[in-house]
Amino acid sequence: MSARPLTPEGTVLRTIKDGLRALRIPFWRCGVGAHVVKGPGTRRYVKLGDAGVPDLLVLAPGVGALFVEVKSARGKLSPEQVAFRDACRAAGAVHVVARGWDDLAPWVTAPRLRGAS
């Protein structure tokens, strides 16, 4: 069985995850979505995660926790993602919108504290 082709956002996500692995930087994928669980004579809708939660949680040396929302070149933040980004900023947390490795690299290769996306 062959794997499905990646979406443009999926390609960006894979590139970022590969870069983090190469640098041995810990990260976790934050899944959000839903599916239907089917059983004998039953169907149940199961929600996974909360809307707006970013794609990755990254622990960057010298910076701490980074919330990383991965987007394709033309992808836009949903209203829920904007609300999460704004909540991060209000709390002093780092939130990065990454459209490629170059958007995340400064945070994990030469850490410095500054405002993000």
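Going through region 89-100 one residue at a time, which ones are part of a helix (DSSP H, G or I) and modelled with pLDDT of 95 or more?
Across region 89-100, the qualifying residues are 90, 91.
Looking at 104, 66 in this structure, which one is surrounded by 10 or more Cβ atoms within 10 Å (Cβ to Cβ) and in a strand (DSSP E or B)?
Just a single option satisfies the conditions, and that option is 66.
Return yes when residue 47 is surrounded by fewer than 12 Cβ atoms within 10 Å (Cβ to Cβ), in contact with a strand residue (DSSP E or B) (Cβ under 9 Å, 6 or more places away or on another chain), of a type in the set (Lys, Arg) and touching a residue at least 12 places away in the same chain (Cβ under 8 Å) and no when it is not.
Criteria met by residue 47.
Any residue at all in region 22-45 that is within 18 Å of residue 106 (Cβ to Cβ) and in a helix (DSSP H, G or I)?
So far as region 22-45 goes, yes, one or more of its residues are within 18 Å of residue 106 (Cβ to Cβ) and in a helix (DSSP H, G or I).
Could you grab me the full set of residues in region 30-40 that are closer than 19 Å to residue 69 by Cα and exposed (fewer than 12 other Cβ atoms within 10 Å of the Cβ)?
31, 33, 34
Looking at region 17-73, which of its residues are of a type in the set (Lys, Arg) and modelled with pLDDT of 90 or more?
Listed by number, the residues that qualify are 17, 21, 24, 29, 71.
The values are calculated or read from the model by the stated rules, or taken from the named source; none is laboratory data. Quantities reported herein were computed from a predicted structural model and do not represent experimental measurements. Please note: Cβ atoms are built from the backbone with ideal geometry, for glycine as well, and neighbour counts cover all protein chains shown.
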